[in-house]
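Working notes, structure below.
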Amino acid sequence: MEQSQSSKTSKRPLQFRDTNQTDMSAWRKKGRTDPENSVLDHQPPNDQKDDNEQDSLEEAFRYFEEVQDRVSLKNSILQKHLTAVESVALQRGLPPEGFNVLLDVALSGKFGDAVNTRILRSLIPASVVPEDSVVSSVSWLCVSKCSGNVQLLFLKWLITVFDFIDHKEQLNALYGFFFSFLQEEKMCPFVCHLLYLLTRKENVKPFRVRRLLDLQAKMGTQPYLQALLSLYKLFCPELVTITLPRKMKAYFRDPEGPWKAAINTVRQRNQENTQVARPLFLGTAQPQSQKRKWNTQISIPASSRNKINFEEDREKKCIDLHSTNESFPVEQLQTFSQLLQNIHRLEFPSQMGSVLTNPLLLHYMNCFKDESVNLRLYYWMEQTLQQECTWCVVDNSQYEEEFKNFLETVYETECFLQEGFSSCEEFLYKSLPLWDGFCCRSQILRFVSWIPLRSSSEIKSHLYNPLAQLFFTSSLYFKCSVLESLKELLQNWLNCQVTRLDSESDSEVHSSNTTLSGLVNTIAELIHFVGWISTVALRLESNHTFLLHFILDFYETVCDMYLRYDLPLLIMPPPRVFYAVLLGMDSVNLNQLCYIMHRYRTNLVTAKENELSKKKILQFKFSNQTYQEYNKYLTAMVGCLWTSNVFQKDIHPQGIAMDDELLKKTEVPDFKNSFNIVCHPALMSYAFFYLQQAFPDNTTVDFSLIKGKEWNRYLEYLYLQGLDGLKVFIESSVKRISQASHSKSGNV
Amino acid sequence: MESAADGPAQPRPSTGRPSWGLPFGRARRRSALSPSSRLPPAPRRTQVKAGAAEVAEDTQRTAFLLRKQWTLYSVTPLYRFSEAHLRDYSRLLSAFVAAEKKKGLAVEIGGELDIKVSVTSLPDLKGSDRDQAAILVQLSSRSSASPKNSEEKVIWSGWFCCVAGDELSENLPEAFTCLPLFLVNGAESNTAIVGTWFQKTFDCCFRRLSLSPFNLSWMAAMWTGCKVDKPASATELVFSVPRLPHPLHISYAINLEDAQALWATIQKTPGEITQEEVDVFMDCLYSHFYRHFKIHLSATKLVKVSTAVASAHCDGIIKFRQSQYLTGVLMLLTELAICQIQ
């Protein structure tokens, strides 16, 4: 039987296939170029997995469009395509363009019920369901090619996704068709439900009322019939004269089906994936646990207008020039160009919290500086954060995942606006003392990075003290994460400072509590705090390489503040950090330290030059102490890497200068040369491999061979190994020293 | 965000003994329960001034608030709320309640409905002219037997109020209305519907206002000091013992005269109460209890305070007993509500 089918297929005219082909390519093109229509297109284009899925989905659509005759469910090709559709549907939802194909296939009766059911069950919209696909499927329904069960399933599906259908004009034109389905007893409840959703005043006709009353007489008072009748009565009380019970528990049964949960999951996932261009969804009901109290649920409200039509307003309307119908409803705001065109007549949604999930409104908020807008958002966010905080409120711990998602959304909004919310800051200050350092860790630490910059004394007691306590008592990885977020905090502050300086030059306005010196002090305080916790942490974790890496990352920002951010502040790392890296075993960190010292030098030299030339009248000068500190470090570093006299020349009070007598007592042979670029523990392995390469015949390793010209070649070898920091350091600081015979301090 | 930008305020004053505190003990408290001094809810001066006629009138208008259990909520400032539109609010809220009850079925705004909603003003309930008048929301049902002319039965009531809430209202832009305290009597399902409508319409947030043992001990001391005309019941404190497999409550009742006598020996300046005095008062009660029962009440948690003036439960439930002290109690509660939303 299967063979005859397949031969039939091949006999079919070929042009069919051609039209399909063009159809598909059109779909593809449309899908790629029209970013507003489908969520799928917001995925990053370079995502390989997504591309594969996209391809197999297209292939499946093509297959379903081309297939002409009944194929058994066991057919492996059919199986493959079905699975492809199902997996995409469950993960990301189907693009609007797919519904036509799939509905046609499912309702045309080409396949058996098992296949049709599976197809219908996988119809989960990613964004919208196009109206024409629904219209064409109703025409299939009218010719009743499919079984009663499939028809029923289709109706249930239609009720579930009703709000996702993009337009409803044409669908409403089919009202009469739907109405005629009422006679099917099995379908009647669902048809009633659908009609209930579809009915407008003009659909209420005397003959329809009669038909419904007839049905009621035949079937008894069914809640679904009564629901429809009560709606008819609401629209046209003169047509429905019977009395209907005032109270009815539930008119319609929930059209059970697999879609509701899947739609919610898909929606949530798509929202997560699309940071910037999230489409607005209809309806906002999120799956919420029933047990919780009404006001203790994290639900970000939908952006909607809540225009109260006051009775007196209605009367006034004719004379009111600034009538409200001029404003552009936020629900309709879908694209950036719409935002630009309507920016003058846009209103904020009735609940400010909804801007969190609406990037367009965030743009709008950014250019619309209004105190009440910020205040509304502030109150909502602060209350939600405090109420839902899983470690501050008893019994909240079961909702950690929800809370995490909320924190994540807020953080993303902060990144989008490039600005921290003061509600988040206060939340941190209130909740950090009670935090275990574990719950929602990454979210909380990210919050830290967006604490707004302002000169205040609060930050020490409210942030640094509780954070330090957690820092010292937690794992290495926690320490690294804290350092990472403090680095981001510093960077955000510096960026904020730069933009502040820019805007200040434009306008003379600046409030008294945000003077430059106050802000510089706040930044300096942060750097000193990091210096302090780094010092203690290195002791606790015995100079762990990983930890050092994060500390140096922080100082990579610190060393460049003067040049990159125009901030008159440079702070050297504490000696504990400096010496741990300088004398450590790790070449990556040593290299980074070299780079940092090079940047300090560049910054300090520029500052000195500016100071000397007096081109700029400097409000602040670096203290001599900073220069001295730098010079001490530099001496130690040059002695350690280049001149092999670190023990003699190191003048830092916490350095490693030692008497020759004492060094001799250690009985280390040739102690003098134990620290230079050849014998430094972090670089010795390089020297070893260099020797192997340069003197392949030598069986014994003799580091003393590296000197003179060999030293320079070895240096080139080191540079080739990627030690760029070492390169810039030696080129800027050492060469000159060796040439100008140790007059280094004078230069800086 | 600027007005809120000054960050959380001073740490909460140390009380010298373990305090359980609100979930966020470091909450902003400027004038609140600072160790310095504060006025009791009803200073003697105003008590004398209040004329007999005025008291009687007040009593009538606010009598329905007495002897009912009210659940407390804090509410952030209402955005674009206007007292001029209370009738419209009733109409819209009625439709909203009906729609919620019918679970998404169509309702007509302004039509005849099972549940009637009224939103009215309670102008007497405020501390000063700067306060917004209290707003009362009531849900009443018509009995279905005789729909016309039958008496409506109030099934749920809730009221927003602000007594001496200058601390919050003075910094707010004009579009906001400061009514930080919300009190509810009735089914939670109705609270949910009304609360949701207010949240959606005025962009505000509701949050349960629980009373910490620290605040309860303040209430115990303050209310003991109040003079009441009628022969009043004893002052009762209920403690719960933590970390037991079965809940254990200790009830501690003190004769009103005894409690007042004790308080009279403690209070230094009439009309003024300090944190220290509250602590001494509670410590005296504790040591008396220990002498008889060998139980340290300071190691338990104060969960309920019941006096002739009012009774308060730590879950945020309050019952007013004396109409002349109504605004006084509300003043303290307003302060706590503001504390929670700032």
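The values are calculated or read from the model by the stated rules, or taken from the named source; none is laboratory data. Quick caveat, the model's predicted, so the values are computed rather than measured. As a convention, Cβ positions derive from the backbone with ideal geometry for all residues, glycine included, and neighbour counts pool all protein chains shown. Each accessible area value is taken on the protein alone, full model and side chains, heavy atoms only, with ligands, DNA and RNA left out. Shrake-Rupley method; radii C 1.70, N 1.55, O 1.52, S 1.80 Å.
Screening residue A:567 on (1) assigned to a helix (DSSP H, G or I); (2) within 33 Å of the chain's Cα centre (by Cα) shows it passes everything except condition (1). I'd like to check something: does the stretch A:217-235 contain any residue that is within 23 Å of residue A:128 (Cβ to Cβ) and surrounded by 12 or more Cβ atoms within 10 Å (Cβ to Cβ)? Among the residues of the stretch A:217-235, not one is within 23 Å of residue A:128 (Cβ to Cβ) and surrounded by 12 or more Cβ atoms within 10 Å (Cβ to Cβ), which makes the answer no. Exactly one residue out of A:458, A:388, A:400 is surrounded by fewer than 21 Cβ atoms within 10 Å (Cβ to Cβ), more than 11 Å from chain B (Cβ to nearest Cβ) and either more than 29 Å from residue A:530 (Cβ to Cβ) or of a type outside the set (Gly, Ala, Ser) (or both), and it is A:400. In the condition set (1) open to solvent by 40 Å² or more (accessible area, probe 1.4 Å); (2) at pLDDT 85 or above, residue A:627 is compliant with all but (1).
Within the stretch A:366-381, is even one residue charged (D, E, K, R), at pLDDT 90 or above and either open to solvent by less than 10 Å² (accessible area, probe 1.4 Å) or assigned to a helix (DSSP H, G or I) (or both)? Give the derivation first.
We begin by selecting, within the stretch A:366-381, every residue charged (D, E, K, R); these are A:369-371, A:376.
With the extra rule that they be at pLDDT 90 or above, the set shrinks to A:376.
Narrowing further to those that are either open to solvent by less than 10 Å² (accessible area, probe 1.4 Å) or assigned to a helix (DSSP H, G or I) (or both): A:376.
Yes.
Restricting attention to the stretch A:645-673, the residues that are in contact (Cβ under 8 Å) with a residue 24 or more places away in the chain and not in a loop (DSSP other than H, G, I, E, B) total 5. Between A:416, A:421, the distinction of being more than 10 Å from chain B (Cβ to nearest Cβ) and more than 17 Å from residue B:207 (Cα to Cα) belongs to A:416 only. The residues of the stretch A:123-147 that are among the hydroxyl-bearing types (Ser, Thr, Tyr) and either more than 11 Å from residue A:98 (Cα to Cα) or in contact with a His (Cβ under 6 Å, 6 or more places away or on another chain) (or both), listed by number, are A:127, A:136, A:137, A:139, A:144, A:147. Within the stretch B:305-335, the set of residues being part of a helix (DSSP H, G or I), out of contact with any Asp or Glu (no Cβ under 7 Å at 6 or more places or on another chain) and open to solvent by 10 Å² or more (accessible area, probe 1.4 Å) comprises B:324, B:327, B:331, B:335. Taking the stretch B:85-101 as the range and being more than 9 Å from chain A (Cβ to nearest Cβ) and over 19 Å from residue B:183 (Cα atoms) as the test, the residues that pass are B:94, B:95, B:96, B:98, B:99, B:100.
Residues in the stretch B:307-318 that are modelled with pLDDT under 95, in contact with a Leu (Cβ under 9 Å, 6 or more places away or on another chain) and farther than 30 Å from residue A:424 by Cα: B:307, B:308, B:310.
Which residue is nearest to residue A:541 (Cα to Cα), if the candidates are limited to the stretch A:554-577 and must be out of contact with any helix residue (DSSP H, G or I) (no Cβ under 6 Å at 6 or more places or on another chain) and either crowded, with 21+ Cβ neighbours inside 10 Å or touching a residue at least 60 places away in the same chain (Cβ under 8 Å) (or both)? My answer is A:575. Does residue A:738 qualify as being out of contact with any strand residue (DSSP E or B) (no Cβ under 8 Å at 6 or more places or on another chain), at pLDDT below 85 and not aromatic (Phe, Trp, Tyr)? Criteria met by residue A:738.
Quick one: would you say residue A:99 is of a type in the set (Phe, Trp, Tyr), modelled with pLDDT of 85 or more and under 20 Å from residue A:138 (Cα atoms)? I'd like the intermediate steps shown before the answer.
Values: of a type in the set (Phe, Trp, Tyr): yes; modelled with pLDDT of 85 or more: yes; under 20 Å from residue A:138 (Cα atoms): yes.
So residue A:99 fits the description; yes.
Can you find a residue that is touching a Gly at 6+ places or on another chain (Cβ under 7 Å) and over 21 Å from residue A:396 (Cα atoms) anywhere in the stretch A:426-449? No, there is no match, as no residue in the stretch A:426-449 is touching a Gly at 6+ places or on another chain (Cβ under 7 Å) and over 21 Å from residue A:396 (Cα atoms). Annotation: residue B:287 fulfils all but one of (1) among the small types (Gly, Ala, Ser); (2) open to solvent by 60 Å² or more (accessible area, probe 1.4 Å); (3) not in a loop (DSSP other than H, G, I, E, B); the unmet one is (2).
Every test in (1) at pLDDT 90 or above; (2) surrounded by fewer than 17 Cβ atoms within 10 Å (Cβ to Cβ) is passed by residue A:108 save one, and that test is (1). Does residue A:240 qualify as being touching a Lys or Arg at 6+ places or on another chain (Cβ under 8 Å) and among the β-branched types (Val, Ile, Thr)? Yes: the conditions hold for residue A:240. Among the residues of this structure, residue A:374 counts as one that is farther than 18 Å from residue B:207 by Cβ and within 14 Å of chain B (Cβ to nearest Cβ). Would you check which residues across the stretch A:432-455 are touching a Ser or Thr at 6+ places or on another chain (Cβ under 8 Å), under 17 Å from residue A:419 (Cβ atoms) and either surrounded by fewer than 18 Cβ atoms within 10 Å (Cβ to Cβ) or within 14 Å of chain B (Cβ to nearest Cβ) (or both) and list them? Across the stretch A:432-455, the qualifying residues are A:452, A:453, A:454. State whether the residues of the stretch A:343-356 include one that is charged (D, E, K, R), closer than 28 Å to residue B:177 by Cβ, surrounded by fewer than 20 Cβ atoms within 10 Å (Cβ to Cβ) and more than 14 Å from chain B (Cβ to nearest Cβ). Checked against the condition, which is being charged (D, E, K, R), closer than 28 Å to residue B:177 by Cβ, surrounded by fewer than 20 Cβ atoms within 10 Å (Cβ to Cβ) and more than 14 Å from chain B (Cβ to nearest Cβ), the stretch A:343-356 yields at least one hit.
Residues that are under 26 Å from residue B:86 (Cβ atoms) and either part of a loop (DSSP other than H, G, I, E, B) or more than 14 Å from every other protein chain (Cβ to nearest Cβ) (or both) within the stretch B:194-238 comprise B:203, B:204, B:205, B:209, listed in sequence order.
Pairs linking a residue in the stretch A:177-201 that is over 14 Å from residue A:211 (Cβ atoms) to a residue that is of a type in the set (Gly, Ala, Ser), with Cβ atoms under 6 Å and 6 or more positions apart or on different chains, are A:196/A:227.
Within 14 Å of chain B (Cβ to nearest Cβ) and either touching a Pro at 6+ places or on another chain (Cβ under 8 Å) or open to solvent by 30 Å² or more (accessible area, probe 1.4 Å) (or both) - does that describe any residue in the stretch A:183-198? Scanning the stretch A:183-198, I find at least one residue that is within 14 Å of chain B (Cβ to nearest Cβ) and either touching a Pro at 6+ places or on another chain (Cβ under 8 Å) or open to solvent by 30 Å² or more (accessible area, probe 1.4 Å) (or both), so the answer is yes.
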